[in-house]
Each structure stands twice: as structure tokens, then as C-alpha cells.
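Structure record follows, encoded as C-alpha cells.
The values are calculated or read from the model by the stated rules, or taken from the named source; none is laboratory data. What you see is a predicted model, and the numbers here were worked out from it, not measured in a lab. We place every Cβ from the backbone using ideal geometry, glycine too, and count neighbours over all the protein chains shown.
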Amino acid sequence: MAQTSKKKPHSKPSEKKYKNFLKLNGEHPLKDSCPDSYILYKTRKRTGGEVKFFNFDLAKEMGLIDSNHPYEMSKSLEKIIHDTFSFLIINEYDLENDIKFSAKELREGEYMATRYLQLQHPNKQGKTSGDGRSVWLGQIKKKSKTWDVSSAGVGATSLSPATHIYEKNFQSGDPSISYGCGYAEIDEGFETLFFSEVLKKNNYSTEQILAIIDFGNGISINVRAHENLIRPSHLFCWYKQRDHQALKAIVDYYIDSQISRGYWQDCPKNKKKYDYFLDRELEVFANLSADFEDDYIFCWLDWDGDNILMDGGIIDYGSIRQFGLFHHEYRFDDVDQYSTNIKEQKNKAKLIVNTFAGIRNFLKDENSKDLTKKDKKEISNKFDLLFNMRRQSNALKRIGFKQTQIEFLLKHCQKDITEYLKSFSYFERAKSSVGLVQVSDGITCDAIFCMRDILRVLPQVSLHRGEALKHAEFIEIIRSNYASDEDVALTPYKRKKINHFLKYYFKLVEEVAKEFNLTKENLLLEITMRSSVINRYDRVTGDSITHIVQKVLHADKKLSPEKISTLVRQFSESQNLSVDDKKKSSFRYHESSKMMKSFLKIVRNHRDGI
Amino acid sequence: MYLCLYSGGDEIDNIDIDKKVLSLVKKKDPSVTYIPSCSYASEHYFKDFVDHYKKIGITRFIHFAVDVPQPEFMIEEAFKSDIIHLSGGNTYYFLKYLRKGQYLKKLKAFVKRGGILTGLSAGSIIMTPTIDTAGFPDFDKDDNEENVTNFKAMGLVNFEFFPHYKNSKRYDDELLKHSKKISSPLYACTDGSGIIVEKKALTFYGKCFMFYQGKKVKLDTTSRLGL
């Protein structure tokens, strides 16, 4: 009898090399764990696309390509990218209208459009909302790390707001409806790309762009990845509907996924896990709102828990901005409503945590009532405690203290930190006498002082001359382009505030010097080094990202995916504010391309902006 | 007049020259102004600079960028230092902004009143009569993206300086050719080498070479010449 060969058939070299792409076939553990949390879509091939960007570094980290893969878009790599990502869903409109697709066009697999709460939907319980133009591609694991991958711009799902506002299904790409046609825009993909890579470099948790496929006319498919793409709103919809089973399924899924990813290792197994879950989420949201406020990151948080991930990761960069100054009156104009401002983010984050608390109660007792005032007060107090501690820690970090010094000050010098922050905030929050003004995408009242500048210059000058700055010098340093002479006039009150700032700044320095047995001079020297990098002159802002993306998209000579990949890598490196990185910065301005230099000039020109 | 022209290399390569420079300062706790050739991301290099010089006893530093607006008091503060260091980078860009900010005159005045001016690579070339040496050889030259047309530099010394020199034929061909075009000597130094100008005497540290009227001469370590 002839023996059957046990040898596997020879796979083509490219198939073998890129075999992990095949895992992005629509399969994801959420499918089995949370059967109520998605709608499945079959898909069809989409042709005519061009790979505009591929994140080689992220792909290497994820194991999609080998670590030694060249930064080159080979034909075989391009093919597998198209095979994996260039598709459209076959949606409700297609089925209703009996639109036929040839067998050649059809792809295998079914992809999830996930359900989550969205406040812009007519139904405020999340019965009809979720991924309106995205589907989940799958999950990739490499060593102990896991990535969820999703793709935006793959067609109109029945979870988009337009479907329910107009009460009909839309054909993907329907030109009569912009938001709701299921397509994504290429500038949105690139803004996410540049912004997320900079924030990632500076240790923010964020979605990252894996690939951008250009379909012309400003339309693209934007593929994104993050460790865990579950948003609070994925949970909130079931809580609002009081669907215990579906809610338990997704909360348990999230808890289990956190444990399997190596986090939450001390999470209890019984119902106490929901207390643990609440405590962790409270920490995440208290800390992230403090970090956002201190780094001037505007993120439109709201009670639906939509524009953020469960782990505090940033997602949906459409309305994300980083301000150069504390422009705390800025509000994004979203056609029929204004967004929250940066100071209100904290309260919105608290509302999100309140909902987590309600979820905890509901999961522990199906008959639990809504949170009482007392419950909310308790949560608010815990939140404020963590929020304030994080803000204090951030303030000390921005001065240039090391972690051990920060810990000492937080433990022993609360009063001094509080006093320091009072005058710091006074200057940081000072507004232009011009008042409220219209800007391209919203309204604002300009902040006028740049506190990064004083934190960078103060230790140098104090050490250099052996005495503190004069009042006029202080104001001259912090004065931004937005400040008028009237704004910076040295009033007796401003003088008092400058004295207060300097008094407590140096008091903190003296406390640390005493505790760590350092001379004040040596400590100021350490602070000089650290603060010069932390508070560097140029820092990326939302406006600068918008202009950079326009430059990339309208470059005289078309930029290849390899070239864009290099630009993104260099740009994020140029914005690295990490001071504890042992590795020296590899960025060299004069070794950069003209395009890269133009990016940096844009960042500089918008350094005070929104 | 006290000048130090570093060629290049890592901080550790220049430690002997650094010590000599420090010995020129008559003060116990000298201060240094660090002027980056270009301020983009220069904070990282300033941090590395401070990290190195604090190890040899300097504790007071000012980071002073010339390509961004500076308040008057910061200019005064920067020029009060005992040492001013001009960093390496693109020579054309550096010269453009030193000239635009009217800092060349201020630097000359600083040197005249006894301040110690040090420079590395581009920063060294700026001290010489012209920045011509930044423009060759083709395989190792600065790009003149700023379209600088006036190459006249500070002229604190009567020689030209060629940093990052490598003792090889292809460099020599270019330097010999250039030396025939100029009347002053051209000193070429490898990384880790440099020249100290003390009053009117030049002291050479490390591997330094003189190219003069079509000839090349190796200069002995710590050899001294008149300015």
C-alpha cells in the first residue's frame, strides 16, 4: 500500500514569510466569549488601493514580519497587505438590494462590527450603536504580548449613527451621506499615525496605525492595533440595557484578557473580581485625566465612554489635540454641539467611573439600584485623591525631580507642593484679555503663558547667577505669542504670585537637597539637565500635526511607504521627551531630510497653539 | 585671547583638551554657555554636554539658542559666562543665525574681554576667517540649505580649520588643493584632536596636520606655534 506523505505541501516563500497575516481573518476570542457584542459581516475584495503606509516597526513587534525584515515594500509584502486589509463588508444595503458579487470577489471569514454605546445615536442605551465603519480583523500574539487589530473605512455597518437617524441602510461609499457612508479619510489615518507614534514614544497608551491603504479622493482604509481594543462603551451599552448576561460576558472577557496579558495578576477569582475591576478602572481614569490635563492633551471624554479604551489608551484621534499652552477654554465644534473643555475632562472621567461602579454593583447583585449620592461621593473622593496625587507627581516631574525625590516630596511636603501648584496654575491658566475667539474647528480663549519655558530656564539662570529671577524677567520668559502688553503688565498681584511661585519652587528644591544630602547647586544642576529635555522649547501640538499631514499628502514628489515610515520614525524620535532613557537621542536635525526639517519648523511655528 | 578649536568625537575623546581649557579659567567655579548650532532637539545634546562637563567640575550652564528669539536679559546672562561653547552641526545654518542675531560681534567682544571661546567642528570653523572649509570635500561637506552667500566668519585667528580630518589620500588631495588657493595655513585635525589658542600661541593636541601652499606637515602632539 502506498504511504501517504506526512510532509506538508510546499508553501510559497512569501506565504511562509507572512503567514501571521493569515491570522487576521476575522477570528477573535470575543466572538465566543461575548456573542451578543457584535454583528458579523461577510466581505468582498476591494481593488484599486495603494499601500500608502505600513508600520514596519509595529509589524515586527507583532511578529507579522521578521525582526530582520528590511524596511522595504516588496511586491509580496504589498500583496499580503492587500489580501489582508483591502476589502469591503457586504452590508445590509447590499443584501436588501440583492447586489451580486462574483465568486472571485468574495472573501472568506466573517468579521465583527462590535456594539458599544455612543451618545450621538438616537438610542441612548446602545441598542443600535457601535463600529459604524470598522470591523475587527483578529488578534495577534507574540510572546507575552497580544494585539487586537481593527480596520476603519471598510463600509457602512448598521451600527452607524446615520442608519438610525435616517432609518435606512446605506450603501458603502454613498456620496449623499458623509459621516455614515462607511469610508474613512486618509488625512484622519495620517493624523492618527503621526500623533499616536509621538504619544507612544512618550509612554502614552494609544492605538497605533499598522497600515493605510489609499483608494483615491481622500478615501482610505486605516488599520489600527492596540493591546486591547475594548472601550468602556462596549460595557456600558449592556449596563444601560440592564442585560446582565451580556454585561457579565464582556466584563469577564475583559478581566480575563487583562490577566492573560500579564496584568491584574492579583485579581480575585470570585465576585470580588468586580470590586478589583472597579478599583483598577478608577485608577486608570483618575490617572489618565490628570496626565491629559498636565500634558495639555484634549480628549473628548463623555459619559458614553466612547473615545477612550478600557486601559486608558487613546483611540479615535479625530478630536484629539495636544495644546502648546493650557488652552483650557478650547471647545471642539461638532456641528450640533460643543465638546467638553480640557478642565471638564476630569468630571467626564468621573462619570465613566460612576458607570463602572454601577456595573460592579449590577454584576454582584442583579437587583441592585442606581448609585446613591453617597456612593457617588465616595467614588468622587477616591478619584480626587488619586487625581490630585498624580497631578502633584506630574508637577514635580516637570520641575525635573527624579522618581525617588518625587516620592519623598509627596510623602513629606504636601503643603509645599500645594502652595507651589497654586501659583503655577495661576500663570498656567491666565487667559488673553481678547476673550473668546473662533478657531478653525471650535472656540477658545487663548492661554498666554508658557510654563515649560520657565521650568526649563529657571534652574539654569538661578544656578548661573546665584540668585533668582527678577519679576520682569520671569514674565518675559513665560510670555507667549498670545500675550499682549496689557496681559503681561506687572501688577502687584502678579508680583506676589511670582514671589509665591519662586518661594515654593526653591523650598521644594531645598527639601530634596536636605533629604538626599545634596548641595542645592548640585541638585539644581540635575534639575537643569532633566528639565531642559522634559520642557523642551518645541513640542508637538494638534495644529502642527494637521499641517504636517497636509505636507505629507500634498508633497510635490509622491512619498513611498518606506519614506513615510522613515519620516514617522524620525519625527517621533525628535519628539521624545523621555529623560530617563539611557540611550542617547538618535535624532540629528542636520542629517534629516528637507521634509523632516519642514516638519520641525511646523512644530516650532505652532508651539503655543492648539 | 583664549580659544579652543575641537575637531569632533565623543566627549571622552576630548577630555585632555577639556582639562587644558579649564586650566585657562582663573575662577574657581566657572560657568559655561552652550550655544547649539541649531536649537531643534538641542536640549538632548545640552543634557549630554552638561553631563560630561559636570564630571570635570563645572556646575553652571546656560543653554542659549541663537535661532529663536531671546529676551535681552538672557543675552546678557549668556555672555556673562566664563566659557562660551559653540557646538557642532551645520556651519552654514549656524553662521546664518549668529549673524542674524548679531551675535558675532558679541562673541568677538566676549573674546576681547578675556572670555574663553570654544568650538566643536562647525563651532570651530566659525572662529576662523571664513567658513570655506565647510564646503568641501564633496563626500564630506555641509549642505548649504540656508543659501548663505557671505562666508565671512569671525576671523579670530589667521588660519583655516578642517575638522573630522581622516589621514587619507582622498582628504589630502582636497586639502592640498585648497591650501594652494589661500595664503594662510590650513590646520586639519582628526576627531579627539584640537588647537588651543592662548594669547598668541597655538598648541596642538592629538593628531593635527598643517596644509600650507600645497604641502602637508604633521604637527607633533602638543607642539606650539605662533599665531
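Is it true that residue A:432 is more than 27 Å from the chain's Cα centre (by Cα) and among the polar types (S, T, N, Q)?
Yes; evaluated as a whole, the condition is true for this residue.
Quick check on my filter: what residues within region A:433-468 are surrounded by fewer than 20 Cβ atoms within 10 Å (Cβ to Cβ), assigned to a loop (DSSP other than H, G, I, E, B) and in contact with a Ser or Thr (Cβ under 8 Å, 6 or more places away or on another chain)?
Scanning region A:433-468 gives A:433, A:434, A:436, A:445, A:468.
Hey, any hits in region A:483-500 for a residue that's within 14 Å of another protein chain (Cβ to nearest Cβ) and outside any helix (DSSP H, G or I)?
Yes, because at least one residue in region A:483-500 is within 14 Å of another protein chain (Cβ to nearest Cβ) and outside any helix (DSSP H, G or I).
Just to be sure I understand, how many residues within region A:507-524 are facing chain B (nearest Cβ under 9 Å) and either charged (D, E, K, R) or crowded, with 22+ Cβ neighbours inside 10 Å (or both)?
2
Somewhere in region A:168-180, is a residue closer than 26 Å to residue A:216 by Cβ, touching a strand residue (DSSP E or B) at 6+ places or on another chain (Cβ under 6 Å) and of a type in the set (Val, Ile, Thr)?
No, every residue in region A:168-180 fails to be closer than 26 Å to residue A:216 by Cβ, touching a strand residue (DSSP E or B) at 6+ places or on another chain (Cβ under 6 Å) and of a type in the set (Val, Ile, Thr).
Find the residue count for region A:525-544, including only residues that are part of a helix (DSSP H, G or I), among the aliphatic types (A, V, I, L, M) and more than 7 Å from chain B (Cβ to nearest Cβ).
2
Within region A:10-25, can you find the residues that are at pLDDT 90 or above, part of a helix (DSSP H, G or I) and either surrounded by 14 or more Cβ atoms within 10 Å (Cβ to Cβ) or not assigned by TED's automatic domain parsing to the domain that holds residue A:77 (or both)?
Correct list: A:20, A:21, A:23.
Of all residues in region A:469-482, which are out of contact with any Pro (no Cβ under 8 Å at 6 or more places or on another chain), crowded, with 18+ Cβ neighbours inside 10 Å and either more than 12 Å from chain B (Cβ to nearest Cβ) or charged (D, E, K, R) (or both)?
Hits for region A:469-482 are A:479, A:482.
Take the conditions touching a residue at least 40 places away in the same chain (Cβ under 8 Å), under 18 Å from residue B:132 (Cα atoms), in a loop (DSSP other than H, G, I, E, B) and touching a strand residue (DSSP E or B) at 6+ places or on another chain (Cβ under 7 Å) and apply them to residue B:157. Does it pass?
Taking the combined requirement at face value, the residue satisfies it.
Could you list, in sequence order, the residues of region A:579-606 that are at the interface with chain B (Cβ under 10 Å from one of its Cβ atoms) and part of a loop (DSSP other than H, G, I, E, B)?
Within region A:579-606, A:579, A:581, A:584, A:585, A:586, A:587, A:588, A:592 qualify.
Going by what's in this entry, would residue A:155 be described as modelled with pLDDT of 95 or more, assigned to a loop (DSSP other than H, G, I, E, B) and either assigned by TED's automatic domain parsing to the domain that holds residue A:89 or within 23 Å of residue A:186 (Cα to Cα) (or both)? Give the steps one after another, and end with the answer.
Numbers: modelled with pLDDT of 95 or more: yes; assigned to a loop (DSSP other than H, G, I, E, B): yes; either assigned by TED's automatic domain parsing to the domain that holds residue A:89 or within 23 Å of residue A:186 (Cα to Cα) (or both): yes.
Yes; evaluated as a whole, the condition is true for this residue.
Could you list, in sequence order, the residues of region A:251-279 that are small (Gly, Ala, Ser), part of a loop (DSSP other than H, G, I, E, B) and at negative phi?
none
Determine whether region B:187-196 contains at least one residue that is in contact with a helix residue (DSSP H, G or I) (Cβ under 9 Å, 6 or more places away or on another chain), at pLDDT 95 or above and among the hydroxyl-bearing types (Ser, Thr, Tyr).
Yes, some residue in region B:187-196 is in contact with a helix residue (DSSP H, G or I) (Cβ under 9 Å, 6 or more places away or on another chain), at pLDDT 95 or above and among the hydroxyl-bearing types (Ser, Thr, Tyr).
Considering each of A:210, A:235, A:282, A:229 in turn, give the residue that is part of a helix (DSSP H, G or I) and more than 30 Å from residue A:451 (Cβ to Cβ).
Checking each option against the conditions leaves just A:235.
Could you list all residues from region A:50-79 that are in contact with a Lys or Arg (Cβ under 9 Å, 6 or more places away or on another chain) and of a type in the set (Asp, Glu)?
The answer is A:57, A:61, A:66.
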